[in-house]
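Colleague: Please find one structure pasted underneath; my questions will follow.
What follows is calculated from the coordinates using simple rules that are stated; it is not laboratory data. Here the structure is a predicted model, which is why all the values come from computation and not from measurement. No Cβ is skipped: glycine too gets one built from the backbone with ideal geometry, and neighbour counts run over all protein chains shown.
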Amino acid sequence: MTIESLLRQLPRPPRETELFRIYHGSYSTDGERRTGYRGSRCSSLVDAYDEALHRAFAVLRKKVFLKTEPPIPVEVAVFHLPDVTFGLRNLPTTVRGRPASRILLSNRSHETSVQARLDRAATEAAHEVCHVFQQACEVSQRDLRWQDWAWLNEAAAVFCEHYVYPDGNESLFYCQDWLYFPELSLDRQTYASGMFVRWFADCFGVSSVGRIWEEAGVFDGPIERIEVIAGKPMEDLFTEYVLDGYFLGDPECHFNLSRVEKSWGTRETYGPIELPAESGKSFDGRIDHLAALYFEIHCASGAVYCEIEQSEAAVPLRAQIAEVMINAETGGLRRGTCVELKCNSLGVLTAQTSSSVGSARYVLVISNGTLDRNNASFKLTVTNPQ
Ligand SMILES: [Zn+2]
């Protein structure tokens, strides 16, 4: 079944405003030897989509994509998605159309509570509206690089879900992937990298997210656009981002997601390395491009000295060690004093923290902010100099 034939079958008239034409209701798939009910039996799901589509359009137009006027009305179809996607997937999607994009949303939900179902519907609608804005910014030549943009298209859409519905829970689902797999490259993940977009928006302003698409030239890739808007090379941005990423509840660290920290903890860490017991022990590791590894270090007293040998003389890795404090009000983690490890001419990174009288907790983050150098190997040694 094509989208056109589906739209012809969905009962008319659609719900219609200046912005959206929402087709829904029961339909049949006669002649295609499919059985079962097609449609949406109650209006609450469609009501939730309707409200969220309009809200997302207004918020994104005003705050994120300030210079974009997507062609309207956008046609929206609410139906059993596998009828059009040949049974392969039951995920909402936005397809390019002329003149306007089209949004395809599911007539059912796998959420079992009413609240979760409506939360998910609103989140998915907001996500797809972000894609409508992105598609409105596209120039045909840039389609040649669509694979380079795909991860960021999804990451920004997940960011927009949460921006439009900050109290929603559904949009935080992918935070788990982000927390648990820091060793996966930023541009090899999609939804989980919405956390990078969140950080970027907090550092540089929400409309800077929209500008990534609005100001892109025909042959630009997404990382080049990010660097231009931030005014910094990606290696520097990535280094700041991964350190902030350990402290979700610290208002100075650009995430402000203490509820995520409470529910699911911090980013995955190795360790803890206990000092002085494990002083001088080494750890061999590897890091892909735009990825990081975190190490937790507990030190009974004194200083912590870190040394990272890299196998290559040309240096891709950066590292920082920060003291971990507890926020007295929230119980969340707060960033204390931080030092970046310095690199000598042999590619060895070193730093020593100031000496603490009692016990102290640290996080060491080693990151590879390059765009393409994978599998960078290193040997980490942590000592407690007496
Ligand atoms: Zn998407």
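Colleague: Evaluate the Kirkwood expression for the hydrodynamic radius of region 221-366, namely the inverse of the mean inverse distance over all pairs of different C-alpha atoms, and round to one decimal in Å.
Modeller: 16.4
Colleague: Along region 323-338, what does the Karplus equation 6.51 cos²θ - 1.76 cosθ + 1.60 (θ = phi - 60°) give for ³J(HN,Hα), rounded to whole Hz, x for Gly and Pro?
Modeller: Result, rounded to whole Hz: 6, 9, 10, 9, 5, 4, 6, 9, x, x, 8, 10, 7, x, 4, 10.
Colleague: Also, I was wondering about something else. At 20 °C and 1.002 mPa s, grab the translational diffusion coefficient of the chain from Stokes-Einstein with a Kirkwood Rh over Cα pairs, rounded to a whole number in µm² per second.
Modeller: 94
Colleague: Here is a further query. Take every Cα pair under 8 Å in the chain that's 6+ residues apart, average their separations, divide by the length, and report that relative contact order as a whole percent.
Modeller: Once divided by the residue count of the chain, the mean separation gives 13 percent.
Colleague: For a protection proxy built on the mean count of beta-carbon atoms within 10 angstrom, sort 267-276, 353-362 highest first, please.
Modeller: By packing density, highest mean first, the sequence is 267-276, 353-362.
Colleague: Any cysteines in the chain with zero other Cys Cβ atoms under 4.7 Å from their Cβ? List them, or say none.
Modeller: C42, C137, C175, C203, C253, C299, C306, C338, C343
Colleague: Return the FRET efficiency for the residue pair H110, C42: r is the Cβ-Cβ distance, R0 is 22 Å, and the value is rounded to the nearest 0.05.
Modeller: The value I calculate is 0.85.
Colleague: To continue, here is another question. Treat each spin label as a single point 7 Å out from the Cα along the C-beta direction, and report the E4 to R259 distance in nm.
Modeller: 4.5
Colleague: In addition: If the chain between E18 and E312 were fully stretched, how many nm would it gain, using 0.36 nm times the residue separation less the Cα-Cα distance?
Modeller: Value of the extension gain: 99.9 nm.
Colleague: In Å and whole numbers, how far do the C-alpha atoms of region 237-295 stretch along each principal axis, longest first?
Modeller: 36, 27, 19
Colleague: If you line up the long axis of helix 114-137 against the longest principal axis of the chain, both from Cα atoms, how many degrees apart are they, to the nearest 10?
Modeller: Once rounded, one gets 90 degrees.
Colleague: Here is a follow-up. What is the Cα convex hull volume of region 213-259 when expressed per residue in Å³?
Modeller: Spread over its residues, the Cα hull of region 213-259 gives 94 Å³ apiece.
Colleague: Determine, for S377, S113, the number of other Cβ atoms within 10 Å of each Cβ, and report the residues in order from fewest to most.
Modeller: Ascending number of Cβ neighbours within 10 Å: S113, S377.
Colleague: Taking 0.36 nm per intervening residue step and subtracting the Cα-Cα distance, what contour gain separates Q147 from S355 on full extension?
Modeller: Fully extending the segment from Q147 to S355 adds 70.0 nm.
Colleague: Now, a different point. Compute the long axis of helix 44-59 from its Cα atoms, compare it with the longest principal axis of the Cα atoms of the chain, and write down the angle in degrees, 0 to 90, nearest 10.
Modeller: Long axis of 44-59 versus the principal axis of the chain: about 60 degrees.
Colleague: Å³ per residue of the Cα convex hull, for region 297-386?
Modeller: So the per-residue hull volume is 107 Å³.
Colleague: Taking the Cα of E235, stepping 7 Å toward and past its beta carbon, and measuring to each backbone N in region 331-370: which are under 20 Å?
Modeller: Only 339-351, 365-370 pass the distance filter.
Colleague: Quick one: dipole size for region 86-208, taken about the Cα centre, charges +1 on Lys/Arg Cβ and -1 on Asp/Glu Cβ, in debye to the nearest 20.
Modeller: 480
Colleague: Hey, how many Å between the Cα centroid of region 36-79 and the Cα centroid of region 174-227?
Modeller: 24
Colleague: Please give the calculated 222 nm ellipticity per residue for the chain, where each DSSP H segment of at least 4 residues contributes -39500 (n - 2.57) and the sum is spread over every residue; nearest 500 deg cm²/dmol?
Modeller: -9500 deg cm²/dmol
Colleague: Using Cα atoms only, what is the angle between the long axis of helix 194-204 and the major principal axis of the chain, expressed in degrees (0 to 90) to the nearest 10?
Modeller: Taking the Cα atoms of the chain, the angle to 194-204 is about 70 degrees.
Colleague: Considering amide H positions built from the backbone, and no H for Pro or chain starts, which residues 5 or more places from T370, or on another chain, come under 5 Å of its amide H?
Modeller: Amide H neighbours of T370: L290.
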